[in-house]
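Everything below concerns the one structure shown next.
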Amino acid sequence: MEEKLVTLAIHTFEKAQILKTLLESEGIEVSIHNVNQIQPVISAGVRVRIKESDLPHALRIIETIQFFKEESECPDDENIKKIVIPVDFSDYSLKACQVGFEYANQVGAEIMLIHAYYTMFVPTSLSYLGIGLDNNVYDESIHTVYHRVQTDMDNLVSIINKKIADGELPDVKYNYILREGLPEDEIVAFAKECRPMMIMMGTRGKNRKNIDLIGSVTAEIIESTKMPLLAIPENIPFSNIREAQNIAFAISFNQHDLVAFDCFAKLLKGVIRKVHLFNISTSKDEWNEIRLTGTREYLQKHYPDMEIEFTVLDDGDLLDAIEKFVREKNIDIITLTTYRRRTIYRIFHPSIARKMLFHTNTALLIIPKI
């Protein structure tokens, strides 16, 4: 009599194939069902089925690698403040941890570290289509990749715990999660689930290569996330936001920016006292003395304890004017709102990013449009 098959899990096609490969590498026979034969990669609700006698072994494997743990890492209590820090185990993501832990300690938040790793998995069915693949690229099994990433995370946790024990970091409650997939997709998806008060992530330093994922996906996450995000270069001169002497906020003297400033002030309440405001456009069609005066009066009324300095940028190219402003005022953090997406895009354009963000000591705070 043929042994009964049981459904171990239901996943998308990609996740089902990953689990299938993982279990088969451990000697468990696996079949998948409900696959769209025309376009298998878009299948949803794919059943992963195994022999009933293999179920205990399969469950032990899944428990060991925490395959199903992704959805339950963050508590459901919305009153718990959370900060998400994507890490790739580099020096600049460690810098983001230093800034993040200090900030979390000041605002009473918890830290959630996330590392998203990508495995170049190619379904077996593709080989039947005659597609030429370099087998050496796929020698490393998914199981091996996971354990390598887990080891890297364990090493980072050891570094963090030692810094806490030595008093170099505050003793803040933190946890971590590993997720398989494209970093920009997984980080944004996790932020939607976790609903943090802020995402803090490192940006690559001057001598980093293009393979450094955190630097290359920062712009994608800014474009997609609805959460405030602080992008932190490795060589910023502070590890505590309170040490930032000059924080700038780009403003267009309209309602969108005033709402964004309210969000900005709440995020940094009790952390900063002085803010440099500057006009995001050098066109006087977008700003004038009347708007400038009205904005100043509004902010002085609503934030009497905050020292606010206004700077009108020089006429000419906006990015050149911003760069000059940042240099002359020694700006530590520059704040933009996603209402001005075109400006953010220009700053992150590869030819400009090297000059404006990734190769400077200035952090970038993004406030989403509310």
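The values are calculated or read from the model by the stated rules, or taken from the named source; none is laboratory data. The structure presented is a predicted model; accordingly, all values stated were derived computationally and were not measured. Note that we place each Cβ from the backbone using ideal geometry, even for glycine, and neighbour counts take in every protein chain shown. For accessibility, only protein heavy atoms count, side chains too; no ligands or nucleic acids. Shrake-Rupley method; radii C 1.70, N 1.55, O 1.52, S 1.80 Å.
Any chance segment 197-217 includes a residue that's open to solvent by less than 40 Å² (accessible area, probe 1.4 Å), more than 10 Å from the chain's Cα centre (by Cα) and at pLDDT 90 or above? Checked against the condition, which is being open to solvent by less than 40 Å² (accessible area, probe 1.4 Å), more than 10 Å from the chain's Cα centre (by Cα) and at pLDDT 90 or above, segment 197-217 yields no hits at all. For segment 65-78, the count of residues that are small (Gly, Ala, Ser) and either at pLDDT 80 or above or touching a Pro at 6+ places or on another chain (Cβ under 7 Å) (or both) is zero. When Thr311, Thr293 are screened for being of a type in the set (Ser, Thr, Tyr), at pLDDT 80 or above and open to solvent by 10 Å² or more (accessible area, probe 1.4 Å), only Thr311 passes. Of the residues Phe358, Phe278, the single one that is modelled with pLDDT of 85 or more and more than 25 Å from Lys81 (Cβ to Cβ) is Phe278. Is it the case that segment 156-163 has a residue that's open to solvent by less than 50 Å² (accessible area, probe 1.4 Å), in a helix (DSSP H, G or I) and at pLDDT below 90? No, segment 156-163 contains no residue that is open to solvent by less than 50 Å² (accessible area, probe 1.4 Å), in a helix (DSSP H, G or I) and at pLDDT below 90. Counting the residues of segment 9-40 that are at pLDDT 75 or above, open to solvent by less than 50 Å² (accessible area, probe 1.4 Å) and farther than 20 Å from Arg179 by Cβ gives 4.
Yes/no matrix, rows are residues, columns are (1) open to solvent by less than 30 Å² (accessible area, probe 1.4 Å); (2) part of a strand (DSSP E or B); (3) in contact with a His (Cβ under 6 Å, 6 or more places away or on another chain); (4) modelled with pLDDT of 60 or more:
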| position | (1), (2), (3), (4) |
| --- | --- |
| Ile83 | yes, yes, no, yes |
| Phe89 | no, no, no, yes |
| Glu102 | no, no, no, yes |
| Met112 | yes, yes, no, yes |
| Glu140 | no, no, no, no |
